[in-house]
Structures are given as C-alpha cells and as structure tokens.
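Below is one structure, written out as structure tokens, with a few remarks after it.
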Amino acid sequence: MVIPWIGISLSALLNQVQPLPKAKYVAFQTLHDPGQMPGQRFGVLNWPYVEGLRLDEAMHPLATLAVGIYGETLPNQDGAPIRLVVPWKYGFKGIKSIVKIKFVEKQPPTSWNEATPNEYGFYSNVNPNVDHPRWSQAKERRIGEFFKRPTLMFNGYDDVARLYSGMDLKKNY
Ligand SMILES: Nc1nc2c(c(=O)[nH]1)N[C@H]1C(S)=C(S)[C@@H](COP(=O)(O)O)O[C@H]1N2
Ligand SMILES: [Mo]
C-alpha cells in the first residue's frame, strides 16, 4: 500500500535533545494496555511491542513520526496518537502508539526479531535478492493493481543505500 502519511521527521524530535556520544540506536516502545488494545490479551508477541533503529537510520529525514493519514487524524488502529513510518523498509518497523523513545548503546530488541529471529532480523530492509525463509521477496503487488512489479531495493529510496554500504545485507536481514 502506498500511504499518504502526515507527520514530522523523527529527526526533528531527536534534534530537540542531546544524546551522549555513546548512543548508537534508538529504541521505541508501545503502550501496554490490554483493556484498550484487545490484541494484547493474546500472547502473539511479547507485549508491549518494541522496535529499534540505528541512530543514522533514525536521523534520516524520511524516517517519519506520523500523526495522520489521508488528511485525517490517525485512527486508533493505525497507531494513534503517534507512530513510526520508515518508507524504505516497506511496511516494516512501523511501531504504533509509541509511549517511550530511548537512545541506547546496544542494538535494542525488536518484537518480530524476538518472536522469529530466523525470519526477521533487526534491519528489515526488504531485499528483493534475499528470500524470506518461506517466500520470495522479489515481487510486490500494490493494493489497487493487478500485476506484480519487481520489488525495489529500499523501496526505491536510493538515498538511504549509503546507510548500509559495506554491510552484508544477507546477514543483516
Ligand atoms: N504497537 C504495535 N505496532 C505494530 C504492531 C503491533 O502489534 N503493535 N504490529 C506491526 C505489524 S506486524 C504490522 S504488519 C503493522 C500493520 O500496521 P500498518 O499497516 O498500519 O503499518 O504494524 C506494525 N506495528
Ligand atoms: Mo504484520
């Protein structure tokens, strides 16, 4: 899905504070409230949902804190009041209903990596050249389109490639 998000660059928020030089990652945590969030009554994942980005990924202007969608305030199910959108990772990393953001020294845990580490690594760059253990990632079908199209590296946002230069993206999936 190609979504018209409304929000600000995450960097605009992160620039309001001065992380220590040893900060290398940003860790995000969701509200844990099974009363309001019925899905959290079932142990599908270790709640609350957590996500992380490397600091340079978090500072890229495309990393977005969204508060709205299609010209409207974000509905609850889409992550109100504020959620992350990382366009070059397709739908991955989009933690919803964020209540905590921390600078950390070590790579923080992510819910999907904890749940199925062989399928979901920390980076979640959807790499058309590297299959998911259970399916190919070489093609995508956009909602509203019939024919599949080739998956683009970094969803076509070529500027972010420099963040991963020198990394083995087969190992860092
Ligand atoms: N807080 C929170 N965020 C979350 C999840 C979750 O369970 N809790 N699930 C993730 C998963 S698996 C998906 S597929 C997307 C789905 O929502 P989206 O399409 O609006 O990004 O949300 C992600 N963000
Ligand atoms: Mo998902």
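Rule-based calculations on the coordinates, nothing more; no lab input. Because the structure is predicted, anything quoted here is derived from the model rather than measured. Here Cβ is always computed from backbone atoms with ideal geometry, including for glycine, and neighbour counts include all displayed protein chains.
Couple of notes before you dig in:
- The residue among Pro87, Pro34, Pro108 whose Cα reaches farthest toward the positive pole of the charge dipole of the stretch 5-120, with charges on the beta-carbon of Lys, Arg, Asp and Glu, is Pro108.
- For Lys148, a cut-off of 20 angstrom between C-alpha atoms picks up these aspartates and glutamates, skipping any fewer than 8 places away in its own chain: Asp131, Glu140.
- Close amide H contacts of Val99 (hydrogens built in the peptide plane, cut-off under 5 Å, sequence separation of 5 or more or a different chain): Gln29, Thr30, Leu31.
- The stretch 59-173, relative contact order in percent, only Cα pairs under 8 angstrom and at least six apart counted: 20
- Proximal charge balance of Ala80 [Cβ under 15 Å; K/R count +1, D/E count -1]: -1
- Coupling constants for the stretch 134-143 follow from the phi torsions by the Karplus curve (6.51 cos²θ - 1.76 cosθ + 1.60, θ = phi - 60°), and in residue order they are 10, 6, 7, 10, 6, 10, 10, 10, 7, 4 Hz; glycine and proline get x.
- Counting Lys and Arg as +1 and Asp and Glu as -1 over every other residue whose Cβ lies under 12 Å from the Cβ of Asn127, the net charge comes to +1.
- Evaluated at q = 0.15 Å⁻¹, a Debye calculation over the C-alpha positions of the stretch 5-120 (equal weights, vacuum) places log10 I(q)/I(0) at -0.67.
- Using a Gaussian network model of the chain in which every pair of alpha carbons under 10 angstrom is joined by a spring, one finds that among Gly121, Gly68, Gly39 the greatest mean-square fluctuation is at Gly39.
- Whole-Hz couplings from phi, Karplus 6.51/-1.76/1.60, listed for the stretch 5-20; x for Gly and Pro: 6, 10, x, 10, 5, 3, 4, 4, 6, 4, 6, 6, 10, 10, x, 5
- Cut-off 15 Å between beta-carbons: net charge of the residues surrounding Ser111, Lys and Arg +1, Asp and Glu -1: +2
- All aspartates and glutamates inside 19 Å of Lys22 as judged from Cα atoms, apart from same-chain residues fewer than 8 positions distant: Asp56, Glu57, Glu105
- Here's how it looks for Thr151: its modeled amide H is under 5 Å from those of Lys139, Glu140, which are all 5 or more places away or on a different chain.
- Here the stretch 5-120 is assigned +1 on the Cβ of each Lys and Arg and -1 on the Cβ of each Asp and Glu. Its dipole about the Cα centre then comes out at about 240 debye.
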